[in-house]
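Colleague: Below you'll find the structure I mean.
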Amino acid sequence: MSPISRGFHGRRRDEADPARVPPGQYVTDDFPVLSAGPTPHHPIDWWSFTIQGAVDEPVSWTWDELRALPSETVTVDIHCVTKWSKLDTTWTGVSLDTLLDGIDTTAEYVTAFSDGGYTTNLPLDDVRDGKAWVAYEYEGEPLEPEHGGPARLLVPHLYFWKSAKWVRGLELRQDDEPGFWETYGYHNYGDPWKEQRYQGD
Amino acid sequence: MERAALPRRLTWQLAKVVELRDETPRVRSIVLESPHWPGHRPGQHVDVRLTAEDGYQAQRSYSLASAPEDDHQLLTVERLEDGEVSPYLTDELRPGDELELRGPIGGYFVWEESMGGPLLLVAGGSGVVPFRAMLRHRVAAAWDYVPVRLLYSSRSLDDVIYREELEQLDVEVVLTLTRRRPAAWMGYRRRVDETMLRDVAWPPEEEPLVYVCGPTPFVELAAGTLVTLGHDPARIKTERFGPTGGR
C-alpha cells in the first residue's frame, strides 16, 4: 500500500479512456525518443531484412523487395516503459505473418536485431497472427530515423522497447536469449497490462 | 554492446526527504535518505511514484545525481511548466515528506573506471545530472587519473546546475551559453555544433568514451555530429529526454 503523497493531486486526462491506459502509464501527445546510442544513418541500398537462425536457409529482402510486399496500415496504442503511452498511432508496414509465411522452423523465440547492435527477444507466437509488423511509415509519412526509420519492428501489445528501431532482421531460436535492455534488468517479456517493466515484475 | 550481470527484483521503497536545494531558478535537488538503498552505479536512474488521496498514482524516472559513495541519494529535478510530477517535486515537496522510489534502473548509461577513458561528457541543460554521479564517483574512488572533459550547454550562467561544485570536481568544464551571457563572457556563445565538438573532443584516434545526455534534439545533433567526425558509434552512449519524458 503506497502512502499518500501530501499535496499531490495529479493531473488526470479526462479525455483518455482509462481502459486503454495500462497501470503506471500517462498519455502523451508527443512522441518522445529513447535510444541507447547515436541514430544510424545509412544509404537505403545498404538495407536488407533477414530471417535467419533456426531455418533451412536464411531469407532476405532488400528495401525495394520489402516495399513490394503487401502492406497493412494499422492504428494502435503504444506504451513505453518510461511511462508514456500514445493512443491511436497509425503505422504502415509489412506484417510479420507475410515475412514468416512459408518459413519452416522449430524455433519458439526470436531475437530482433538492428543497426547499431541493438537486440530484443520475443516469443515467436508474439510476432505471429497479426501482432507484429516491420513498419516503415508513421502517420502516412516515411518513418523518421530518430523514431527507427527506415524501418522498425512494431509489436504494440508489449512495451515499446520490444519494437526494435532500425530493425534489420530476426534470428529464430529454440532458446530464449535476453536482448539488450532485457540484459540490463528490464523484464524479459514486457506486458504493459501486467506492468512488467523490470525483472521480477 | 557489452552485457551486464542480471540484477535482482526491484521493489518500491520509501525514502525520506532530508533537504531540498535550489540549484537554479527552475531546478531543485532533493536529498533523500533511503534506509534500504541497495547501492547503484553512476549513471543509473530511479522511478519515483506519487499517490493522490483517491489512490491515483503517477510515476516518472529521474537520474541519480549522487555517487555510490555518497551518504544520501540525490535527485535533481527540472520543473517542467506543463509537467505533472516535476512541479510537485520542485514546489510542493518539503523536508520530512516521504517519496516512493524504485531502483536503481538501467545499466548501459553508466561509467566506471573499468570502462576506461578518456571520458567526454556532453550535457544539454539538466542532462548534466547523471554526470554529477559519474564525476563524484571518479573523485571518491580515486580514479581521477582518467582524463575527463565536460561540454555543457546551458541557456545562461544562472541556469548552470552544480556550478560551484563542478569547479571542485577536478574536471575540465567547457561551458557554452546559448541565450544569455555575462557581458565579459569569453566562452562559447552558441549551440553545440561540429566546430565546437571538434575543438573540445579528443580526436577519434584517441577513442574517447562519450556520454551524451540532454533533450532529444540536442542529443541527436551532438551524437550524430560526433559520428560524422569519425567517432565510433559503439563508444557513444546516449540518454535523451523529451518535454514529456520526465527526466
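Colleague: Roughly how tilted is helix B:129-140, in degrees to the nearest 10 and between 0 and 90, from the longest Cα axis of chain B?
Modeller: That helix lies at roughly 80 degrees to the long axis.
Colleague: Restricting to DSSP H runs of at least four residues, report the calculated mean residue ellipticity at 222 nm for the protein assembly as shown, -39500 (n - 2.57) per run over all residues, nearest 500 deg cm²/dmol.
Modeller: Rounded to the nearest 500, it is -3000 deg cm²/dmol.
Colleague: Given the options A:SER35, A:SER95, A:SER163, which has the most mean-square fluctuation in a GNM of chain A, springs set between C-alpha atoms less than 10 angstrom apart?
Modeller: Of A:SER35, A:SER95, A:SER163, the most mobile in the Gaussian network model is A:SER35.
Colleague: Which order results if B:MET134, B:MET196 are arranged by neighbouring Cβ count within 10 Å, fewest first?
Modeller: The most exposed by this proxy come first: B:MET196, B:MET134.
Colleague: For the Cα atoms of chain B, what angle does the longest principal axis make with the long axis of helix B:216-228, in degrees from 0 to 90, nearest 10?
Modeller: 30
Colleague: Tally Lys/Arg at +1 and Asp/Glu at -1 over every other residue whose Cβ is under 12 Å from the Cβ of B:LEU151; what's the total?
Modeller: Residues near B:LEU151 contribute 0 overall.
Colleague: How large is ³J(HN,Hα) for each residue in region B:194-200, as worked out from phi by the Karplus curve 6.51 cos²θ - 1.76 cosθ + 1.60 (θ = phi - 60°), to whole Hz, x for Gly and Pro?
Modeller: Computed from phi, the couplings for region B:194-200 are 4, 4, 5, 5, 5, 6, 8 Hz.
Colleague: Suppose each label sits 7 Å from its Cα in the direction of the beta carbon; what would the A:ARG12-B:GLU165 distance come out to in nanometres?
Modeller: 3.7
Colleague: Now a separate question. Among DSSP beta bridges lying fully in the protein assembly as shown, give the percent that are antiparallel, nearest 5.
Modeller: Bridges in the protein assembly as shown that DSSP calls antiparallel: roughly 65 percent.
Colleague: Assuming a ≥ b ≥ c are the square roots of the Cα gyration tensor eigenvalues, decide whether region B:13-87 counts as rounded (a/c under 1.5), prolate (otherwise, with a/b larger than b/c) or oblate.
Modeller: Since a/c reaches 1.5 but b/c is at least a/b, the shape of region B:13-87 is classed as oblate.
Colleague: Let me spell out the model: positive unit charges on the Cβ of Lys and Arg, negative unit charges on the Cβ of Asp and Glu, origin at the Cα centre of the protein assembly as shown. What dipole size does that give, in debye rounded to 20?
Modeller: The dipole of the protein assembly as shown has a size of about 1340 debye.
Colleague: Assign one of three labels to region B:113-241, namely rounded, prolate or oblate, based on the Cα gyration tensor with a ≥ b ≥ c the square roots of its eigenvalues; rounded applies when a/c is under 1.5, prolate when it is not and a/b is larger than b/c, and oblate otherwise.
Modeller: Oblate, because a/c is 1.5 or more while a/b does not exceed b/c.
Colleague: Another question, if that's okay. Would you mind checking A:LYS86/B:LYS237; A:LYS194/B:LYS16; A:LYS165/B:LYS237; A:LYS131/A:LYS165; A:LYS83/A:LYS194; A:LYS162/A:LYS194 for any pair whose Cα atoms are more than 19 angstrom apart?
Modeller: Too far apart for the 19 Å limit: A:LYS86/B:LYS237; A:LYS194/B:LYS16.
Colleague: With +1 on each Lys and Arg Cβ and -1 on each Asp and Glu Cβ, how big is the dipole of chain B about its Cα centre, in debye rounded to the nearest 20?
Modeller: 440
Colleague: Please list, in order along region B:82-89, the HN-Hα scalar couplings obtained from phi with the Karplus expression 6.51 cos²θ - 1.76 cosθ + 1.60 (θ = phi - 60°), rounded to whole Hz, x for Gly and Pro.
Modeller: 9, x, 9, 9, 5, x, 5, 5
Colleague: Set the Förster radius R0 to 56 Å, insert the Cβ-Cβ distance between A:THR50 and B:ALA184 as r into 1/(1 + (r/R0)^6), and round the FRET efficiency to 0.05.
Modeller: That gives a FRET efficiency of 0.45.
Colleague: If you don't mind, there's one more thing I want to ask. Show me, for region B:177-193, the HN-Hα J-couplings you get by feeding each phi into the Karplus relation (A = 6.51, B = -1.76, C = 1.60, θ = phi - 60°), rounded to Hz, glycine and proline as x.
Modeller: These are the phi-based 3J(HN,Hα) values: 10, 8, 10, 10, 10, x, 3, 8, 4, 9, x, 4, 9, 7, 5, 4, 9 Hz.
Colleague: Going by the alpha-carbon gyration tensor, a ≥ b ≥ c the square roots of its eigenvalues, is region B:34-126 rounded (a/c under 1.5) or, if a/c is not under 1.5, prolate (a/b greater than b/c) versus oblate?
Modeller: Since a/c reaches 1.5 and a/b is larger than b/c, the shape of region B:34-126 is classed as prolate.
Every read-out reported here was derived from the displayed coordinates using simple, explicitly stated rules and does not represent laboratory data. What you see is a predicted model; the values in this text were computed from it and never measured. FYI the Cβ positions are ideal-geometry reconstructions off the backbone, even for glycines, and counts take in every protein chain you see.
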